[in-house]
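Colleague: Have a look at the structure that comes next, please.
The values are calculated or read from the model by the stated rules, or taken from the named source; none is laboratory data. In this text the structure is predicted, and so the values were computed from the model without any measurement. So basically every Cβ, Gly included, is an ideal-geometry build from the backbone, and we count neighbours across all protein chains shown. Just so you know, the surface numbers come from the protein's heavy atoms only, side chains and all, with ligands and any DNA or RNA stripped out. Shrake-Rupley method; radii C 1.70, N 1.55, O 1.52, S 1.80 Å.
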Amino acid sequence: MAAKTFDMIVIGAGPGGYVAAIRGAQLGLKVAIVEREHLGGICLNWGCIPTKALLRSSEVFHLMHRAKEFGLSADGIGYDLNAVVDRSRGVAKQLSGGIGHLMKKNKITVFMGEATLPSKGKVSVKTDKGTEELASKAIVVATGARARELPGLEADGDLVWTYKHALTPKRMPKKLLVIGSGAIGIEFASFYNTLGADTTVVEVMDRVLPVEDAEISAFAKKQFQKQGMTIREKTMVKQLDRGNGKVVAHIEANGKVEKQEFDTVISAVGIVGNVENLGLEGLGVKIDRTHVVTDEYCRTGVDGLFAIGDIAGAPWLAHKASHEGVMVAELIAGQPPHPIKPNSIAGCTYCHPQVASVGLTEAKAKEAGYDVKVGRFPFIGNGKAIALGEPEGMVKTVFDAKTGELLGAHMVGAEVTEMIQGYVIGRQLETTEEDLMHTVFPHPTLSEMMHESVLDAYGRALHF
């Protein structure tokens, strides 16, 4: 049987893979995409999108409890967990179906099945109907990542959950332990805590949201504690004893181990790349700690083989994967590519309050040898924030004192995940403090705090 030949084959239809396929098709390439589970990958089906739908429900629930503050009355406030989950699944399904439509529209051939790379330029796909043999000079591996499982803390779907179980819970946790306070852990902690679970978060590092600026982490922690969460830093869960409807966690801090009982545990201790069973090693691909080693153009060192998104390492973000997908498709089509600067990719966490950042933290900027100017502006000094009833938050900007370059921006508070993009564009256009100071921000908006934070770095804040 002759192999079906394509200009480009993409393995994995998540936000990296399907975007790479679309861009390739736009550039006139004959493209195939292979997906073993769902079009849209983890992001659309089990990650970014359905979690935001859940968090929106908990946010509305939280606001309903505050009705009186806004001169409104709402009685008998409650929720139906199944209906909350059904809405989230519906949102995911709608978007996943949309990807199928995009594949058809762009004349991309979709193969649903498991892919392997038997030899250079060849892809073998095991489908329900048998095996399809495909060939291409350009193959893009976009197989993503999955939840890391620590020995003894493995998920069972009953008492110990991964993000997948947490997205489709069979019951509402009463006493919840969340292991890990990165974006995934803290978002689920926020969701279940808001709906009434007694929530404890354990973090092995010295602070929650450890990749964020220390000041932002500290501010967020205070808010989480105000909402009733227990936050344990520099702490480890050593083992879980599973019993009938309960888990006893052995929690170690300062060399002492104590036992605590929970009815549910969510493990969110990072991710591992889906590098197994593809045949990558046989082709000579370098793999370092479950991630494919690539250059700035996502090339693996094996001719015509690229790796993008989570499988190619940090930052593990959908928008990074999509951008890499576009870059690789353009490279394959013979266009000049634009490599991604990891420092220009924003991170967003949709807990309550939201957290968003781009570039260097204050500590990292100092470590890198910069003389810095730092500005801050609190939500309490902003008219729109007060009108919204969201006075808790801050915007922080870090500049190079010598050149005025915006080195980093860090925010915590309402809607900061939407605001961060202003600073991202600023960094992309290599803006200085002067450009930002001379920009007219509309009033009344939360974005004015971005302006004020810049002004504050230079001792010129107007409203605080």
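Colleague: Just the residues that are open to solvent by less than 10 Å² (accessible area, probe 1.4 Å) and either on the phi > 0 side of the Ramachandran plot or β-branched (Val, Ile, Thr) (or both), please, taken from region 136-157.
Modeller: ILE139, VAL140, VAL141
Colleague: Cβ-Cβ below 8 Å, separation at least six or inter-chain, first residue in region 134-148 and over 14 Å from ALA3 (Cα atoms), second among the charged types (D, E, K, R) and open to solvent by 10 Å² or more (accessible area, probe 1.4 Å): which pairs?
Modeller: Sorted first by the residue in region 134-148, then by its partner, the pairs are ALA138/ASP7; GLY144/ASP310; ALA145/ASP310; ALA147/LYS164.
Colleague: Moving on. Conditions first: (1) part of a helix (DSSP H, G or I); (2) without any contact (Cβ under 8 Å) to a residue 24 or more places away in the chain. GLY157 passes all but one, so which condition is the exception?
Modeller: Exception for GLY157: condition (1).
Colleague: Out of the helices (runs of 4 or more DSSP H) lying entirely within region 342-439, which hold 2 or more residues that are hydrophobic (A, V, I, L, M, F, W, C) and buried (at least 20 other Cβ atoms within 10 Å of the Cβ)?
Modeller: So the answer is 416-428.
Colleague: What is the residue count in region 183-202 for residues that are under 25 Å from LYS259 (Cβ atoms), assigned to a loop (DSSP other than H, G, I, E, B) and open to solvent by 10 Å² or more (accessible area, probe 1.4 Å)?
Modeller: 1
Colleague: Identify all residues within region 126-162 that are more than 16 Å from VAL275 (Cα to Cα) and of a type in the set (A, V, I, L, M, F, W, C); write none if there are none.
Modeller: LEU134, ALA135, ALA138, LEU150, LEU153, ALA155, LEU159, VAL160, TRP161
Colleague: Tell me, which residue of region 88-128 that is open to solvent by 60 Å² or more (accessible area, probe 1.4 Å) and among the aliphatic types (A, V, I, L, M) is modelled with the highest pLDDT?
Modeller: MET112
Colleague: Among the residues in region 30-45, are any over 29 Å from LYS164 (Cβ atoms), open to solvent by 60 Å² or more (accessible area, probe 1.4 Å) and modelled with pLDDT of 95 or more?
Modeller: Taking every residue of region 30-45 in turn, at least one turns out to be over 29 Å from LYS164 (Cβ atoms), open to solvent by 60 Å² or more (accessible area, probe 1.4 Å) and modelled with pLDDT of 95 or more.
Colleague: Here is a follow-up. Residues that are open to solvent by 80 Å² or more (accessible area, probe 1.4 Å), closer than 19 Å to ALA189 by Cα and without any contact (Cβ under 8 Å) to a residue 12 or more places away in the chain, at least 3 per element: which strands (runs of 3 or more DSSP E) completely within region 221-308 meet that?
Modeller: none
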